Amino acid sequence: MKQLIELNVNGIAYDVIVSPEDLLVDVLRQKLGLTGTKKGCGQGDCGTCTVLIDGRRALSCLTLAIACRGKKILTIEGMEADGRLHPIQQAFIDKGAIQCGFCTPGMVMAAKALLDENPDPTVEQIKRGLSGNLCRCTGYVKIVDAVQEAARQMRAAQSQEVSR
Amino acid sequence: MTASESNTFRWVGKSVPRVDAADKVRGRALYTDDIVLPGMVYAKIKPSTIAHGRIRRIDLGRALQLPGVLAAITGEECPVPFSVNNYKPTEMPLAKDKVVYYGEGVAAVAAVDEKTAERALELIEVEYEELPVLLDPREAMARDDVRIHDWAESNINYEGKQQFGDPEDELRKSHVVVENSFFSSYTHCGFLEPQSTIADYNPGTGRLTVYTCNQLPHYLQQTIARTIGMPMEKIRVIVPTVGGAFGGKTEATPACMVACLLSRKLGRPVKITYTRQEVFFQNKGRHPCLMRMKMGFDAQGHITAVDFDCLLDGGAHSSWGFVVLWFIAALTHLPYKIPVVRYRGKRVFTNKPTAGAQRCLGGVQVRICVEGLLDMGAEKLGLNPYEIRMINACETGYKTPTVIEVRHSEFKKCLESVARRSGIVDKYGKLPFGRGIGMAGGHYSTGGAFLLYPSYRPHSTANIRVDTEAGVTVYIGATGIGQGAHTVMCQMAAEVLGIDYRDVHLVCQDTMLAPMDNGTFDSRLTYGAGHAIKRAALDVRAKLFEVAAAVLGVRRDHLDCRDGEIFSMYEPKRRIPFQKAVAQYLSSVGPLFGTGEYTPPQPKGDYEGKLIGPTPAFGFTAQAVELEVDLETGKIKILGYWEAGDCGKPINPMAVEGQVEGAISMGLGAALYEEMVMDTEGRMLNPNFHDYKMPTTMDMPDLSLEIVDSYDPTSAFGNKEVGEGPVGPVIPAILNALYDAIGVRFTEVPVKPEKILQALGKIESAGQPRLYVAQAPSECARPGCAPGERG
Amino acid sequence: MTLPPFEYLAPASVEELVGLLARHGTKARILAGGTDLINLMADRAVRPEYVIDLNGVPQLAGISYEPGKGLTIGAATKIEAIEKSPLIREKYFSLHQAAAQIGSPQVRAMASIGGNSCNASPCADMPPPLVTLGALVRLVGPRGRREMLLEDFILGNRRTALEADELLQSLFVPEPWPRSACRYATIGLREAQEIDIASVAVNLALKPETGEVAAVRIAMGAVAPVPMRARKAEEILLGRRPTEEVLQEAAGSCGAECSPIDDLRASAAYRRHVVRVLAARVLRETLSAIG
């Protein structure tokens, strides 16, 4: 039975008509036009559909849209602010961590969740934090470099804030 | 242009950020499935539920009655077989009369949304008459009573032989002869973006626009024209951002053809996107090969001859077919000097998802054999793995017995570099039991890939338009698939024109707007497009300099350009901004265009398969790996990994590293755990990413890479390939290291832990190698078993 | 793949949830993390008419510990919470290890301990250590409450004693034995996102004066339809000083007792062998942890 629900995505409240069986990844991509979140496998194995729901990692291909009422969803489109890229995004560009780019949105979201929990991760912790995101192009080397760089930038910005 | 001149490059050789990175990291890059067109409907394909059989009946009745269903078709709609090279094609948009692999499409529906289309598929009734399923190519060759393709004389798709000299005689005379049988596995390209197509037929204009992630838009355009029966000029192929391809997107998918047919029927856009399972069924990954190779050496360790028999398991359809067969032949001749070679290849049909072209096509198979035999020979000769390779390594100027010539090579530098950094000479044979070190070399073609139809037209053409409305726009058919093609093309154009690489606009991968390009395969793009772009840019520059010279009051040949300005080299004060010179040109002369093209040299010589393999340049690589085996569990831990590559002058070193890192990860997966597994009925047991295992972040060892100093003077900017070659040495380096570690020479992959324990005698051997077929239909073939095993 | 249609229900309390189960029973499925259920529905392996989302029932999630009594974990508690709980790390380390092993960071954030237990996949990670810790499942339904050992709750490959109208409300893990430790290890082909080829959980206590094994439970995963107790191995250890020789004997028995299958992930022979290896390693690790 179709229902009208409100979904809060990237700070914007959307009114969407969904059937209970609609998956969040499909609602984001097809109903809200937010195609940054990708669908690589539909089974939760590749991580390209990763979004944050109330700050926690979620595979949107295994999440029902209807179960997301009242929650705050963050997708890749919500990472930039006022036309400025998030430090994680900038680091990905600067470190050459992007090749075909299909895994990139999911990687960035997973990296955000990681750095939100742990602003100073070791390389092992970064690898573990991204272990749910497959990449066939990069061998992950520059992705790990980028997350390290982003962590550095974010810690520096944070201590600048504090000292102000 | 010399090597030393190249050190003054402004953009070439710089690790600049990619031009498409920002869009990708913002989630703004549009991949095919992201695109929505007004009036668009969705199509789905019904897969076969058997691996081999005749279609007795298909009933679309109930499906057509479902509200929201707009059309439904079967193989009768378009019983025209197609393949990328149009030689003995077998695959059709939808199977007609018989299915030859599990998951082959037999019917399709178009509906207002995906849900309805899926529901409609459930209502389609299909009856099959099952036929025996042939999974092993050896069996398929032997069975005259079971013909996979009715029109074929046998299940042998293609056979070929190349012989240079008399290998039997040479081997008889050789000081040492080694031989072995090898098996390369049934792997999948593993790109993360499932293939997707939007076909948009406009009944008013009679034009068909096809958006799809395909590496060879020109061939796709041709294939669509031939298959659905439409003039090529009425078809426009546009390739949006591609989410990985690795050779697996070089061919038209049946889904693409189905989308075109349905769109033409309905007169509105039709989108089909494969599920991950369908991507696996469609396959077009690497050819598993059963190989036997003999190699002879003289007393000094020089290779005297190679005798090579290769049985390619082609799967159900012809696909790249003979190209792979001949590529394997061609790649045998390098990177070591082999004076006498005989190659006999056979490609055989089996009832499995089709094998096609996967990154480093043919190279992976050859390297497993050659690098293994080199080590075996070295052992008998009392040489170490580094010595045997240095003795036989090719150099600049080497001519193989075929038409293949090495016009430039720094392969020895690669070998020397990994040997030094890994310490293999000191460690080999001396590490404690369970720990070992091994190395392997490799190469790959670049700049070549002869047209898959008879023609002498240019392989790459670049048209450059310069004006004040759009600045510099380069029109070139080349297709980016994530390797960084767009960025290096901008770097190259900017280098010649003296402008910022970010100010170059690219119009590419669109068959209407951009001139024909042979496509992205065989690592030809940077080399081929490089020449075309350089020539076109030089053409523009010459025209612009004439006007600039007049404006500045100097001679044309006094001028140079850099950082957006044109200036006299001798009187630097005489300078003019690039855009001003352009504006002047437009008013004084008229439209400003440049054009450039490139075709690789035609190989002379007369033997079967000669057009496949010879290229104007080759990239080279050497790799070494040190590993430790857990003798109780059989698991392998990689302790060190070293690579050195000769890609000529890297246009973008950061991008080169990224390519090498990715190539190594693909090789590692194939060496250790990647394989598609079928049950005895021909059903794939692991058409998903939890049981088809590609490396995760936690599986990658630290890599130590080096780009050796190199410059290929035949190339536009000294550049050669790097996208494919580095996949080749990974498997043999690991197999060679395993021999050093535990004294067992593995000749097939993946080397799973249990194989190691079997070799050590700790568990019972399976007997006949499993050859990727599970012995009995297992529990995991049941839906809901495999996917749910967590959470 | 899209999912087959169903009606979605989101109760706010345990009573409401139980009421819905009573009404819809066999036609309903509980949605916790979704990592299993959604896949099953996409494959059309299950086609419930009702999906009851329990994530809106706060009482079903949470970790609480009563010293001297034991640990109560709400069935809806996320695997990630179990992985990160300092209390569980300190007192029930094998549960931390098992949770850390599951899937990927995303899966751990979504999946629940109840789901992992009720799906009862032979490869599931939480059941083997829970079984060694003597965990109880607490069920609630229209007929009231009942509890039983998790070991008795899991009946076979994806089969449990849960009735169609019952809910797994929580798991109770008793206070650890004095002078004991618990450890868990798995093996797979990759280092992440793996479905175990085999796993072994050990819970072992030593007698303070003699250093003999006072109590021990060993459970093996992915080598039988259920998390299987290695009872003969336990008997070998009980009452004896755990020398390397004794450990090897016990480990050998684990290999002999389990009943692994051949499948695409590994052969039975390999599983049998590697269970022995893992058992010896986990036993050693457990003993060192007791100190």
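The values are calculated or read from the model by the stated rules, or taken from the named source; none is laboratory data. Computed from a predicted structure; not experimentally measured. Backbone-built Cβ (ideal geometry, glycine too); neighbour counts: all protein chains shown.
Points to keep in mind about this one:
- Here is the figure for the stretch B:632-659: residues that are at the interface with chain A (Cβ under 8 Å from one of its Cβ atoms) and either hydrophobic (A, V, I, L, M, F, W, C) or over 30 Å from B:Lys752 (Cα atoms) (or both) total 2.
- The residues in the stretch B:455-503 that are among the aromatic types (Phe, Trp, Tyr) and part of a helix (DSSP H, G or I) can be counted, and the count is 1.
- Residue in the stretch B:18-36 that is surrounded by fewer than 16 Cβ atoms within 10 Å (Cβ to Cβ), in contact with a Pro (Cβ under 8 Å, 6 or more places away or on another chain) and either within 14 Å of chain A (Cβ to nearest Cβ) or modelled with pLDDT of 95 or more (or both) present: yes
- Number of positions in the stretch B:70-99 that are surrounded by 22 or more Cβ atoms within 10 Å (Cβ to Cβ) and over 32 Å from the mean Cα position of the chain (by Cα): 1
- Subset of the stretch C:103-121 (residues that are outside any helix (DSSP H, G or I) and at pLDDT below 95): C:Gly103, C:Ala120, C:Ser121
- Criterion: within 14 Å of chain A (Cβ to nearest Cβ) and touching a helix residue (DSSP H, G or I) at 6+ places or on another chain (Cβ under 6 Å) - qualifying residue of C:Ala76, C:Ala98: C:Ala76
- Counted residues, the stretch B:189-228 - those being within 30 Å of B:Leu685 (Cα to Cα), outside any strand (DSSP E or B) and touching an Asp or Glu at 6+ places or on another chain (Cβ under 7 Å): 1
- Within the option set B:Val722, B:Val708, being within 19 Å of B:Ala624 (Cβ to Cβ) and either buried (at least 24 other Cβ atoms within 10 Å of the Cβ) or not assigned by TED's automatic domain parsing to the domain that holds B:Asp646 (or both) holds for one residue only, B:Val722.
- Only a single item in (1) of a type in the set (D, E, K, R); (2) more than 14 Å from every other protein chain (Cβ to nearest Cβ); (3) farther than 28 Å from B:Gly728 by Cα; (4) assigned to a helix (DSSP H, G or I) is not met by B:Arg138, and it is number (3).
- Any hit, the stretch B:6-13, residues being among the hydroxyl-bearing types (Ser, Thr, Tyr) and modelled with pLDDT under 95: yes
- Any hit, the stretch B:530-545, residues being in a loop (DSSP other than H, G, I, E, B), out of contact with any Gly (no Cβ under 9 Å at 6 or more places or on another chain) and modelled with pLDDT of 95 or more: no
- Residue match in the stretch C:10-17 (condition: away from chain B (no Cβ under 14 Å), modelled with pLDDT of 95 or more, surrounded by 16 or more Cβ atoms within 10 Å (Cβ to Cβ) and in a loop (DSSP other than H, G, I, E, B)): yes
- Test for B:Lys337: is it in the same structural domain as B:Pro385 (by TED's automatic domain parsing), of a type in the set (Lys, Arg) and in contact with a Pro (Cβ under 9 Å, 6 or more places away or on another chain): no
- Subset tally (residues that are within 14 Å of chain B (Cβ to nearest Cβ) and of a type in the set (Asp, Glu)) for the stretch C:245-263: 2
- Applying the criterion of at least 1 residues that are within 30 Å of B:Trp642 (Cβ to Cβ) and at pLDDT below 95 to the helices (runs of 4 or more DSSP H) found wholly in the stretch B:302-398 leaves B:321-331.
- Of the residues screened, B:Leu668 is not one that is of a type in the set (A, V, I, L, M) and either surrounded by fewer than 24 Cβ atoms within 10 Å (Cβ to Cβ) or under 16 Å from the mean Cα position of the chain (by Cα) (or both).
- The stretch A:85-99, residues that are in a helix (DSSP H, G or I) and either facing chain B (nearest Cβ under 7 Å) or without any contact (Cβ under 8 Å) to a residue 40 or more places away in the chain (or both): A:Gln89, A:Phe92, A:Ile93, A:Asp94
- Any hit, the stretch B:596-604, residues being in contact with a His (Cβ under 9 Å, 6 or more places away or on another chain), outside any loop (DSSP other than H, G, I, E, B) and polar (S, T, N, Q): no
- Looking at C:Gln193, C:Gln106, just one residue is closer than 26 Å to C:Arg281 by Cβ and within 14 Å of chain A (Cβ to nearest Cβ), and that residue is C:Gln193.
- Extreme residue, surrounded by the fewest Cβ atoms within 10 Å (Cβ to Cβ), among residues of the stretch A:100-132 that are in contact with a Phe, Trp or Tyr (Cβ under 9 Å, 6 or more places away or on another chain) and at the interface with chain B (Cβ under 8 Å from one of its Cβ atoms): A:Lys127
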